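What follows is calculated from the coordinates using simple rules that are stated; it is not laboratory data. Just so it is clear, the structure is predicted and the values come from calculations on it, not from any experiment. Backbone-built Cβ (ideal geometry, glycine too); neighbour counts: all protein chains shown.
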Amino acid sequence: MLSKIISSGLLGIDGYLIDVEVDLSNGLPAFDLVGLPDSAVKESRERVRTAIKNSGFTFPIKRITVNLAPAHMKKEGPAFDLPIALGILCSMGLFPISSLKNTLILGELSLDGSIRSVNGVLPMVYHAKQRGISHCIVPFENAQEAAIVKGIEVYPFATLIEAVSFLQHKKEMAPFTIDLASFFAQKTEEGLMDFSEVKGQENAKRALEIAAGGYHNVLLIGPPGTGKTMLAKRIATILPDLTLEESIEITKIYSVAGLLQSKNTLIHKRPFRSPHHTISPSALTGGGRIPRPGEISLAHNGILFLDELPEFQRNALEIMRQPLEDGNVTISRVNGTLTYPAHFMLIAAMNPCPCGYLGDKERCHCSFHEISKYHNKISGPLLDRIDLMVELPSLSYATLESASYGESSAQIKQRVLQAQQIQLERYQKEPFYFNSQMGAVEIEQYCPLGAKEKTLLQSAFDHMNLSARAYHKILKAARTVADLEGSQNISAKHIAEVIQYRSLDRKYKL
Ligand SMILES: Nc1ncnc2c1ncn2[C@@H]1O[C@H](COP(=O)(O)OP(=O)(O)OP(=O)(O)O)[C@@H](O)[C@H]1O
Ligand SMILES: [Mg+2]
């Protein structure tokens with residue numbers, strides 16, 4: 001007898017439906033699996049056989065053929081265990097085929113018959129709902145994740161026996177639901193940080209406010225222990241709160257990467273990722289044999305913090321160029337290309353020289369050659385995508401021990417929100433949202449300068465020996481400074497402020 005079950009696979013962060021067809025026929029006992037399965041799927045035969053036996057059912061001594069359709073897509077992972085097992089039991093007549101109608105089934109099986117969680121449940125259930133599927137059976141641990149999708153009934157189970165008795169209508173149960181609005185509203189209070197905890201460093205704080213205002217990328221340069229990491233970790237506190245859509249988008253990526261914890265199913269904090277500088281290019285951008293979102297996708301809608309920028313492998317940084325421009329990353333694989341979203345704010349940090357204490361005659365013995373070698377490790381094209389560079393001085397004892405705290409994150413956030421609102425209105429008809437995303441043509445259109453401003457910029461170029469690449473960045477950042485003030489025009493004051501974030505160009509020959 002033939003039974004057909006709906007299951008799902010993943011392509012990037014989107015699900016696609018897979019039909020699991022199971023046929024039992026007379027003949028020599030065999031268990032064949034066809035339809036381009038990978039090795040984890042092939043191994044599912046052994047898990048299914050043992051799980052069925054250990055759940056107290058008899059495994060049929062028949063010729064079993066399982067086909068995963070469409071046949072041209074490679075099937076990966078263990079999520080087909082449960083659909084295959086239920087297909088076999090249905091073909092044996094344990095429950096009617098009609099009870100599987102319009103039902104998505106996902107889950108890995110343990111040898112003892114319990115159902116284990118699988119990655120990517122949220123995008124798979126989401127896609128199934130869009131395709132008109134009305135019910136889904138998922139592992140118990142993935143229940144909350146699946147219930148984020150509205151309009152599809154979620155039935156979570158912990159064991160194969162429970163799932164079978166539900167399909168036999170022995171077990172009456174209501175679908176699992178969560179109150180999404182209140183779930184989203186319960187922000188985690190623990191670990192809340194605030195800008196006011198960072199003492200001094202007013203210049204850097206202001207640069208980060210501008211960065212948040214127009215989604216500019218920033219490079220922080222300073223000796224060890226001056227608060228670079230501290231500041232970077234606090235940027236999320238001055239960015240707008242996540243919308244529900246953004247939150248679901250991030251959760252999808254984490255679901256595919258297998259990083260969702262059941263107690264924290266919907267991600268409602270902007271991601272902050274700080275990969276170590278030894279990270280490989282594919283771990284940074286995603287990919288690998290079994291495709292997995294990389295750090296830049298895990299930082300989607302949040303912050304990617306690259307500490308010790310010059311220590312990163314050069315080719316790891318080079319391949320970030322396209323994602324920084326497009327907001328997504330495309331990975332080529334044998335059977336096609338995958339696209340993961342990767343729209344993040346890049347905050348990079350570095351020391352001014354290899355030892356970190358440039359300018360301190362007693363501590364720094366770095367030679368000129370060593371210093372320039374250190375700076376040359378950062379690729380020019382990457383620097384091209386960084387609009388603001390700010391130097392953090394060493395803190396004096398007086399500043400550190402002073403009790404005065406600066407502005408709170410909430411106060412800064414007010415100005416950031418206002419600036420972003422202005423940009424959203426201004427760029428309504430454009431294919432982009434924020435100042436940092438403007439190209440040369442748009443800069444000309446949206447950043448007109450008066451005579452006074454032009455003179456100032458001209459003299460800055462002459463005296464500071466600025467590179468051509470600095471020109472557009474100054475204008476983009478100046479636009480954000482004007483927006484933070486709610487000013488229609490870019491004035492000389494705004495330009496003067498952002499020029500100081502380019503002085504490093506000349507100093508370090510970046
Ligand atoms: N501006 C500051 N205000 C208050 N505390 C600070 C400040 N700067 C540094 N600290 C203290 O020093 C510690 C180290 O700071 P942080 O890790 O941010 O330094 P860093 O600049 O990232 O250094 P490194 O270059 O070594 O990575 C902080 O945890 C904090 O206790
Ligand atoms: Mg640090």
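If packing is taken as the average number of other Cβ atoms within 10 Å across a peptide's residues, how do 253-260, 168-175, 483-490 rank, most packed first? All intermediate terms of the calculation are to be shown ahead of the outcome.
Values: 253-260: 22.1, 168-175: 10.5, 483-490: 16.1.
Final packing ranking: 253-260, 483-490, 168-175.
Taking Cα atoms, how many degrees apart are the long axis of helix 81-91 and the longest axis of the chain, rounded to 10 and kept between 0 and 90?
20
Sequence-distant or interchain residues sharing an amide H contact under 5 Å with K75, placed H: which?
Counting only residues 5 or more places away or on other chains, the set is D38.
Need one number: nm distance between label points at A69 and L36, each 7 Å from Cα along Cα→Cβ, rounded to one decimal.
About 1.5 nm, to one decimal.
I'm checking a number: the convex hull volume of the Cα atoms of region 438-510, normalised per residue, in Å³. What is it?
Details: hull volume 6.0 nm³, N = 73.
That works out to 82 Å³ per residue.
Karplus couplings for region 367-382 from phi (6.51 cos²θ - 1.76 cosθ + 1.60, θ = phi - 60°), rounded to Hz, Gly and Pro as x?
Computed from phi, the couplings for region 367-382 are 7, 4, 4, 4, 5, 6, 5, 4, 6, 6, 5, 8, 6, x, x, 6 Hz.
How do 99-106, 443-450 rank on mean C-beta neighbours within 10 Å, highest first?
Numbers: 99-106: 20.4, 443-450: 14.5.
Highest-to-lowest ranking by the protection proxy: 99-106, 443-450.
Figure the gain on full extension for S396 and H463 (residue separation times 0.36 nm, minus the Cα-Cα span) and round it to one decimal in nm. Let's see the in-between values first.
Numbers: separation 67, 0.36 × 67 = 24.12 nm, distance 3.08 nm.
So the extension gain works out to 21.0 nm.
How large is the Kirkwood hydrodynamic radius of the chain, counting all unique pairs of alpha carbons, in Å?
It is 25.8 Å.
Report, to the nearest 10°, how far helix 202-214 tilts away from the longest principal axis of the Cα atoms in the chain, using its own Cα long axis and a range of 0 to 90°.
With rounding to tens, the tilt is 50 degrees.
Calculate for the chain the 222 nm mean residue ellipticity that helices alone would give, adding -39,500 (n - 2.57) per DSSP H run of length 4 or more and normalising by residue count, nearest 500 deg cm²/dmol.
Numbers: 23 runs with 197 residues, N = 510.
Mean residue ellipticity at 222 nm (helix-derived): -10500 deg cm²/dmol.
Compute the long axis of helix 244-257 from its Cα atoms, compare it with the longest principal axis of the Cα atoms of the chain, and write down the angle in degrees, 0 to 90, nearest 10.
Tilt relative to the chain: about 70 degrees.
Say each of D112 and L17 gets a label point 7 Å from the Cα, pointing the same way as Cα to Cβ; how far apart are those two points in nm?
Those two pseudo-labels are separated by 3.6 nm.
Normalise the Debye intensity by I(0) for region 195-413, one equal point scatterer per Cα, no solvent, then take log10 at q = 0.09 Å⁻¹ and round to two decimals.
The calculated log intensity ratios at q = 0.09 Å⁻¹ are -0.39.
Tell me, what is the FRET efficiency for M230 and D326 to the nearest 0.05, using R0 = 35 angstrom and their Cβ-Cβ distance as r?
On the way: r = 31 Å, r/R0 = 0.88.
E between M230 and D326, to the nearest 0.05, is 0.70.
Using 1/(1 + (r/R0)^6) with R0 = 30 angstrom and r between the beta carbons of A440 and K493, what's the FRET efficiency to the nearest 0.05? Walk me through the numbers on the way to the answer.
Working: r = 24 Å, r/R0 = 0.81.
Step by step, r from the Cβ atoms, then E = 0.80.
Under the definition of Cα pairs under 8 Å and six or more residues apart, what whole-number percent is the relative contact order of the chain? Before the final figure, lay out the partial values.
Details: 982 pairs, mean separation 66.6, N = 510.
Answer for the chain is 13 percent.
Sort M350, M73 by Cβ crowding within 10 Å, fewest neighbours at the top. If you can, show how the numbers build up before the last one.
Values: M350 24, M73 16.
Final ranking by Cβ density, sparse to dense: M73, M350.
Quick one: compute the contact order of region 195-413, relative version, from alpha carbon pairs under 8 angstrom and 6+ residues apart, as a percent. Working shown, then result.
Working: 376 pairs, mean separation 72.0, N = 219.
Relative contact order comes out at 33 percent.
Under the 0.36 nm per residue contour assumption, what length would be gained going from the current alpha-carbon distance of N203 and S165 to full extension?
Numbers: separation 38, 0.36 × 38 = 13.68 nm, distance 6.51 nm.
Stretched fully, the N203-S165 segment lengthens by 7.2 nm.
Could you put H276, H127 in order, starting from the residue whose Cβ has the fewest other Cβ atoms within 10 Å? Could the numbers behind the result be given before it?
Numbers: H276 12, H127 21.
Fewest-to-most Cβ neighbours within 10 Å comes out as H276, H127.
So how do E197, E453 line up by other beta-carbon neighbours within 10 Å, fewest first? The partial results should precede the final answer.
Working: E197 14, E453 21.
The most exposed by this proxy come first: E197, E453.
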